[in-house]
Amino acid sequence: MGERMAAMAARGTLDVLIVGAGVNGAGLFRDLTAQGLDCLLVEKNDYAAGTSAAPSRLIHGGLKYLETGEFRLVAQSTLERNLLLANAPHYVKPLPTLIPIFSWTKGVGAALRTLFGSKSAPRSRGALLVKIGLMLYDFYGARHRVMPRHSTASRAASLRDLPALTPDIVATGTYYDATVTHPERLIFELVRDGLADSPRSVALNHVRLERAEDGALTVKSLAGEAAATVRPKIVVNAAGPWIDEVNAILGEPSRMIGGTKGSHILLDHPDLLKELKGRMIYFEADDGRICLVFEYLGRALAGSTDIKAADPDTVRCEPDEVEYLLESLRRLLPKLRFSRDQIVYVYSGIRPLPASDAKDPGLITRDHATPILEPTASRPYPVYSLVGGKWTTFRGYAEEVADMLLKRLSASRRVSTRDLAIGGGRDYPKTEAARQAWISGLAQETGLAEKRIADLFAHYGTTARIVAAHVAAFPADAPLPDAADYSTGEMDYLLRHEQVGSLADLAFRRTTLAVTGRLTARLVEALALQASEALGWDAARRADEIAAVRARLKTYHGVELT
């Protein structure tokens, strides 16, 4: 980090400083560097450590936004979903989705009232309403279509296919969206792609932003003494729920964010996974809130709540939210057992929505806006704040903002990101046979077992070629304790080449060990020991890192290591 900071400080002036490395900040960094701009991306924690690490792990067109008349957002979301399926096929996968329908005509009147501005959400969405919604969804998803159109099934056929489903249904509908298996890694890949496009640009995690004199800004390492003072031509505030906090640092107190909390649970539930058969169930809870459940990396992921919340630093999934989700599942699938002892992980995050006085959080827009604070005498640079938005639309939003900044800098767009592959999605084999051939070929090339290459391919897409070369050269590569699909050589690569600054970075974001509920005391100790060797930690630092991971698991994720 010291070398990168020194290089940035030596230059002093740069085109754009982006504050916040969630999906919006990382997406914009990738777009701007592709245009040849000189950029600095800074993050106070780790890449993807905030809201972007706590989504429902869906890449979706926003079926429910049809109810509130946000047709432009649905059109953009379905397009971006289809583009991500093509540009990041290693992490973004099709997800067939089933909607249980509990009546034939209910909800039409309520839907019309909401469409025309009512502040109470529709309830009991009947078959007619669902059918109209799915037809519209197919229409908006036609651009770059990569998945089938919707279908419907009778009550009898639905119960034969999914016997655990409540018999209260009258029919079901099925349509297609997508899931993102490794959202934190996808964000890291956006950053890495940006650095490859612009060697003069810099991305720094674990740094603090401060105002300096004469309109300059200083970034300081949180892990050492390294610091750099820079003079950006433009500042972009992409801090998500922390936008108002960052604006205050910049000398511009604001109230742009009025977020809501979304909580999720992951269950070890083989019987549920057998019923789902790779599908998501997108269903209405008793209070009208839309919930979901689907298989995620061998677990059942259920969510989400939607509660107004203000402090992103303390947000967590509370016991009443856990019970709400479990009870919703019990009512949906009464033949299955749901209890707290099946839960292996919980998480929660703040959606960085625009400040709103709406009584129903579900009716606050998920669209985005970019308010601009023009330069002043004491602040010679404009500040663009990225407010709102959703995971699925990050590329399109980044393109909109990048075009605004290019115009301000009297520059022009060189490259479109519309068809630009991301990270390990580059040159991705398109058929199962081609994927197997790719895995077999790399196994022969490196001498690693095909199973080991298959695991690396699942973790990194085609970037597995680089990781496999490192693993093959690592002395005595061995499976990790309690997580055999990861290995010591793989961890060594991540620690040495992916800006890991803490044990939490490795356990929660560079891998899926935490979110899938596989962290054990033995595994955390092994990861910490390897991190110490790769990063030069002493025994005291290693103990602190272990304690921090254990505390985070217990406080925010419902996991207590014994």
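Could you compute the net charge surrounding P479? Neighbours are other residues with a C-beta less than 10 Å from the C-beta of P479; K and R count +1, D and E count -1. Write out the running numbers ahead of the final one.
Values: positive: R452; negative: D455, D477, D482, D485, E490.
Summing Lys and Arg as +1 and Asp and Glu as -1 gives -4.
Only helices enter this figure: runs of n ≥ 4 DSSP H residues, each worth -39500 (n - 2.57), summed and divided by the residues of the chain, yield -11500 deg cm²/dmol at 222 nm to the nearest 500. The packing ranking of peptides 80-86, 249-255, 36-42, 224-230, highest mean first, is 36-42, 80-86, 224-230, 249-255, where packing means the average number of other beta carbon atoms within 10 angstrom of each residue. The region of the chain that goes longest without hitting one of the chymotrypsin sites (Phe, Trp or Tyr not before Pro) in a DSSP loop, each with at most 14 other Cβ atoms within 10 Å, is 117-562.
Think of a 1.4 Å ball rolled over the protein heavy atoms: the range 187-243 then has 39 Å² of accessible area per residue. What's the center-to-center distance, using Cα atoms, between the range 449-509 and the range 215-249 in Å? Answer, in whole Å: 32. Here the gap between K131 and A164, fully extended at 0.36 nm per residue and compared with their Cα-Cα distance, gives a gain of 9.5 nm.
Within the shell of other residues whose beta carbon sits under 12 angstrom from the beta carbon of R408, the net charge comes to -1, with Lys and Arg scored +1 and Asp and Glu -1. Averaged per residue, the range 1-52 has 24 square angstrom of accessible surface, using a 1.4 angstrom probe with ligands and nucleic acids left out.
Quick check: at a probe of 1.4 Å, how many percent of the accessible area of the chain sits on carbon and sulfur atoms? Carbon plus sulfur share of accessible area: 55 percent.
Of all beta bridges that DSSP places with both ends in the chain, some 75 percent have antiparallel geometry. Note on K554: lysines with a C-alpha under 23 Å away, same-chain residues under 8 apart excluded, are K44, K261. Take every pair of alpha-carbon atoms less than 8 Å apart whose residues are at least six positions apart; their mean separation over the length of the range 440-548 yields a relative contact order of 20 percent.
Ordered from highest to lowest accessible area with the whole protein assembly present and a 1.4 Å probe, S201, S154 read as S154, S201.
Would you mind getting me the FRET efficiency between A10 and A473? Use the beta-carbon distance for r and R0 = 60 Å, nearest 0.05. Here the calculated transfer efficiency is 0.95.
Between E252 and A156, how high is the FRET efficiency from 1/(1 + (r/R0)^6) when r is the Cβ-Cβ distance and R₀ = 56 Å? Nearest 0.05. If you can, show how the numbers build up before the last one.
Values: r = 61 Å, r/R0 = 1.09.
It comes out at approximately 0.40.
Among 427-435, 260-268, sorting by the average number of other beta carbon atoms lying within 10 angstrom of each residue, highest first, gives 260-268, 427-435. Ignoring aspartates and glutamates fewer than eight residues from K277 along the same chain, the ones with Cα atoms less than 13 angstrom from its Cα are D161, E295. Extension gain, D313 to R408, is 30.8 nm, computed as 0.36 nm per intervening residue step minus the present C-alpha separation. Which entry in [x] 25.1; [y] 35.4; [z] 28.0 matches mean projected area of the Cα convex hull in nm² derived from the coordinates of this structure? So the calculated entry is the one marked [x]. Normalised by the number of residues in the chain, the mean separation of alpha-carbon contacts (under 8 Å, six or more apart) gives a relative contact order of 18 percent.
Based on the mean of other beta carbon atoms within 10 Å per residue, what is the order of 212-219, 509-516, 526-533, most packed first?
On the way: 212-219: 15.4, 509-516: 23.6, 526-533: 19.0.
Answer by packing, highest mean first, reads 509-516, 526-533, 212-219.
Within the same chain, aspartates and glutamates fewer than 8 places from K64 are excluded, and of the rest, those with a Cα less than 19 Å from its Cα are E80, D138, D177, E284, D286, D287, D306, D360, D367.
Once the Cβ-Cβ distance between D341 and A369 is put in as r, and R0 is 56 Å, what FRET efficiency do you end up with, to the nearest 0.05?
Values: r = 44 Å, r/R0 = 0.78.
That gives a FRET efficiency of 0.80.
Gain in length, E525 to A543, computed as 0.36 nm per residue apart minus the alpha-carbon separation, to one decimal in nm? Spell out each step's value before the answer.
Values: separation 18, 0.36 × 18 = 6.48 nm, distance 0.91 nm.
The span from E525 to A543 would gain 5.6 nm if fully extended.
Checking the Cα-Cα distances for K274/K430; K233/K407; K274/K335 against a 22 Å cut-off, the pairs over it are K274/K430.
The values are calculated or read from the model by the stated rules, or taken from the named source; none is laboratory data. Please read these numbers as outputs of a predicted model, since none were measured by experiment. No Cβ is skipped: glycine too gets one built from the backbone with ideal geometry, and neighbour counts run over all protein chains shown. These area figures cover heavy atoms from the full protein model, side chains too; ligands, DNA and RNA do not enter into them. Shrake-Rupley method; radii C 1.70, N 1.55, O 1.52, S 1.80 Å.
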